[in-house]
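Only one structure is covered here, and it is reproduced in the block below.
The values are calculated or read from the model by the stated rules, or taken from the named source; none is laboratory data. Treat the numbers as computed from the prediction; the structure is a model and nothing was measured. Note: ideal-geometry Cβ built from the backbone for every residue, glycine included; neighbour counts use all protein chains shown. Protein only, heavy atoms only, side chains kept; ligands, DNA and RNA dropped before computing areas. Shrake-Rupley method; radii C 1.70, N 1.55, O 1.52, S 1.80 Å.
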Amino acid sequence: LLLLFYTEEAAVIVSGLKNTDVFVGESATFTCQLSHPGVKNVQWWLDGSPLHNNFVTEISEQDGIIHTLTLNDVACHDSGTVTFRAGSLISSAKLLVKGISMLE
């Protein structure tokens, strides 16, 4: 009988965050896929500030492997670096929020 115990160190990022450009008022979604579930201390950050699940910031995970962050109704000041951390694993990407020029 062979039992496999995954350790945090054994996990790798299969698919990391990708730079995303959106317009003001749109939603921006970032996804990070890990090689296997069970990694502790998962946290999302925007420009060094930790993000928490609320009506503007949606944080979800699927099967403990696919971690998703959706920022709703973004504003120009939301532009910055989005970082996903799971244990010792880190993935980052840029969020660029573009303004819409109003035509009168």
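Could you check residue 73 against (1) under 19 Å from residue 93 (Cβ atoms); (2) modelled with pLDDT of 95 or more and say which number it fails?
Here residue 73 clears every test but (1).
What are the residues in region 8-45 that are part of a loop (DSSP other than H, G, I, E, B), within 17 Å of residue 96 (Cα to Cα) and not β-branched (Val, Ile, Thr), if any?
Those that are part of a loop (DSSP other than H, G, I, E, B), within 17 Å of residue 96 (Cα to Cα) and not β-branched (Val, Ile, Thr): 17, 18, 19, 25, 26, 27.
Being open to solvent by 30 Å² or more (accessible area, probe 1.4 Å), out of contact with any strand residue (DSSP E or B) (no Cβ under 6 Å at 6 or more places or on another chain) and not β-branched (Val, Ile, Thr) is the filter here, so list the residues in region 55-74 that pass it.
If the condition is that a residue be open to solvent by 30 Å² or more (accessible area, probe 1.4 Å), out of contact with any strand residue (DSSP E or B) (no Cβ under 6 Å at 6 or more places or on another chain) and not β-branched (Val, Ile, Thr), then 55, 62, 63, 72, 73 are the ones that fit.
What is the number of the single condition among (1) surrounded by 14 or more Cβ atoms within 10 Å (Cβ to Cβ); (2) touching a strand residue (DSSP E or B) at 6+ places or on another chain (Cβ under 8 Å) that residue 50 does not meet?
Of (1) surrounded by 14 or more Cβ atoms within 10 Å (Cβ to Cβ); (2) touching a strand residue (DSSP E or B) at 6+ places or on another chain (Cβ under 8 Å), only one is false for residue 50: (1).
Taking the stated definitions as given, is residue 96 touching an Asp or Glu at 6+ places or on another chain (Cβ under 7 Å), open to solvent by 30 Å² or more (accessible area, probe 1.4 Å), farther than 22 Å from residue 12 by Cα and of a type in the set (A, V, I, L, M)?
Spelling it out, residue 96 is indeed touching an Asp or Glu at 6+ places or on another chain (Cβ under 7 Å), open to solvent by 30 Å² or more (accessible area, probe 1.4 Å), farther than 22 Å from residue 12 by Cα and of a type in the set (A, V, I, L, M).
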